[in-house]
1. Output the residues belonging to the range 281-305 that are β-branched (Val, Ile, Thr) and either in contact with a Ser or Thr (Cβ under 9 Å, 6 or more places away or on another chain) or at pLDDT 95 or above (or both).
2. Would you check which residues across the range 124-152 are touching a strand residue (DSSP E or B) at 6+ places or on another chain (Cβ under 9 Å) and either over 18 Å from ALA101 (Cα atoms) or of a type outside the set (A, V, I, L, M) (or both) and list them?
3. Mind telling me which of the residues ALA368, ALA333 ends up being farther than 15 Å from ALA166 by Cβ, buried (at least 18 other Cβ atoms within 10 Å of the Cβ) and out of contact with any His (no Cβ under 7 Å at 6 or more places or on another chain)?
4. Of the residues LEU106, LEU135, LEU153, LEU157, which is over 26 Å from SER398 (Cα atoms), at pLDDT 95 or above and buried (at least 19 other Cβ atoms within 10 Å of the Cβ)?
5. In the range 293-306, how many are crowded, with 24+ Cβ neighbours inside 10 Å and either in the same structural domain as LEU170 (by TED's automatic domain parsing) or in contact with a Phe, Trp or Tyr (Cβ under 8 Å, 6 or more places away or on another chain) (or both)?
6. Quick one: in the range 76-97, of everything that is part of a helix (DSSP H, G or I) and not hydroxyl-bearing (Ser, Thr, Tyr), which residue is surrounded by the fewest Cβ atoms within 10 Å (Cβ to Cβ)?
7. Quick check on this structure: which one of THR67, THR42 is in a strand (DSSP E or B), among the polar types (S, T, N, Q) and under 22 Å from HIS277 (Cβ atoms)?
8. When you scan the range 258-348 for helices (runs of 4 or more DSSP H) that lie fully inside it, which ones turn up with 1 or more residues that are over 19 Å from TYR359 (Cα atoms) and without any contact (Cβ under 8 Å) to a residue 60 or more places away in the chain?
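The values are calculated or read from the model by the stated rules, or taken from the named source; none is laboratory data. Nothing here was measured: the structure is a model prediction, and the numbers come from that model. When we count neighbours, we look across all protein chains shown, and the Cβ atoms used for this are built from the backbone with ideal geometry, even at glycine.
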Amino acid sequence: MNRRDVSPVSQAVSSKNDGVVLVQYGNYAETVRRFSEGGDETYFAQRYSVDVVERLPRTYGPTTVVTVDAPAGEEVLPSGVRCIGLPEVPWKSEGAKAVIASLRMLAPAAAIIRFPSRPIVDWCLREGVRVFPLLADSFQNSSLRERFRSWRLARVLNDSRVDFVANHQLDSCRDLVRIGVSPKKILPWDWPKASRPGDQAPKSGPATPGLLTVAYAGKVIEAKGVGDLIRAVALLNKEGLHVRATIAGGGEIEHFRGLAKELGVADEVELAGLVPHREATALMRRSDVVVVPSRHEYGEGLPMTIFDALTSRSPLVISDHPMLVAPLENDPAVSIFPEKDAPALARALRKLAEDPAHYRSLSEQSEATWQRLQIPLMWGDMVERWLSGTAEDLAWLSRYTLASRNES
């Protein structure tokens with residue numbers, strides 16, 4: 001859709017501000033180059049999100065992607081998208097200052113901020129820049145300092161000049177309400193799905209008698225529960241149940257390779273490193289079980305690994321992380337264990353290995369659970385409607401707020 005004639009962003013070309021800036025993690029320029037050379041996605045919907053951004057200059061004028069925690073540099077891509085890399089991390093004051101310095105230099109009409117940052121949103125409001133916090137985050141409130149930080153963030157997000165605050169999936173949006181953001185502002189969003197569980201038959205049990213294969217895909221760090229998974233594998237093998245785990249993702253690979261060796265399961269734990277998304281989903285399909293063992297300390301939303309696992313039809317075992325349990329507690333398609341509890345994870349895996357009816361039930365229920373978790377508002381539609389900024393498009397977005405679902 002072409003809204004160039006009506007877009008507030010486009011109308012701002014003749015004023016002091018011009019164009020759109022997206023502030024996010026990752027190396028956008030490298031990703032575009034990889035795709036142009038026929039490379040693969042490294043995570044779900046990566047190509048979809050890049051395609052949305054690459055077409056923005058045609059409708060909304062100068063478009064810049066500022067990437068944080070990224071190699072320093074600047075270039076303009078063939079699409080006209082300008083890329084600026086900042087090595088700073090945004091949760092530190094110098095990171096926010098670096099982003100603000102780039103925004104000041106670029107003087108955009110609109111900014112889409114893809115992580116929670118009160119200083120950056122506040123600067124946009126003070127400078128008259130339309131700002132859209134577009135998140136995929138949950139919020140820790142266990143300490144007084146964290147609660148105060150969340151209160152300050154919510155106060156800025158509730159400003160009348162912020163049209164909406166978006167977050168990935170429902171329970172992350174409910175987390176925004178918990179810290180004080182008005183549900184009238186909150187948009188639950190999702191990525192379009194290319195496949196669904198119904199595309200393949202349910203599984204009846206482990207593929208190889210006497211062996212249980214386990215898949216993990218995500219950051220390879222302790223906070224994601226990778227060490228807990230390795231410890232569970234070690235326990236089960238020590239007890240005589242042959243379990244083999246494949247761990248896909250980037251992170252502290254050598255550390256966990258050392259842990260597997262220390263626990264005597266170096267041959268039963270494969271650390272595959274960062275793999276294309278299609279390989280991660282294939283790994284889940286050919287594995288007997290998919291595990292998402294995140295610890296509470298990790299700022300989890302509802303990771304796309306959940307949807308990939310359900311689509312694979314491999315039974316899903318998750319920790320009791322609040323953002324995982326909220327939509328999946330008592331769900332017949334998942335098994336839940338307490339965070340950091342390797343023996344409990346081992347028991348959940350053993351039950352799947354030894355109870356065919358339980359295994360088959362979890363696999364069969366994955367279609368209904370996948371369907372229940374779907375969100376109608378897609379990322380690209382949300383971005384373009386917000387950038388348009390017409391009364392019609394803002395009213396269209398309002399139909400998808402958390403408040404419109406009769407939630408608080």
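1. Matches in the range 281-305: THR281, VAL289, VAL290, VAL291, VAL292.
2. Answer for the range 124-152, where residues must be touching a strand residue (DSSP E or B) at 6+ places or on another chain (Cβ under 9 Å) and either over 18 Å from ALA101 (Cα atoms) or of a type outside the set (A, V, I, L, M) (or both): CYS124, ARG130, PHE132, PRO133, LEU134, LEU135, ALA136, ASP137, SER138.
3. Answer to the check: ALA333.
4. Of the residues listed, the single one that is over 26 Å from SER398 (Cα atoms), at pLDDT 95 or above and buried (at least 19 other Cβ atoms within 10 Å of the Cβ) is LEU106.
5. Going through the range 293-306 one residue at a time, the tally reaches 1.
6. This residue is GLU94.
7. When all the criteria are applied, what remains is THR67.
8. Because the criterion is at least 1 residues that are over 19 Å from TYR359 (Cα atoms) and without any contact (Cβ under 8 Å) to a residue 60 or more places away in the chain, the helices (runs of 4 or more DSSP H) in the range 258-348 that meet it are 277-286, 322-328.
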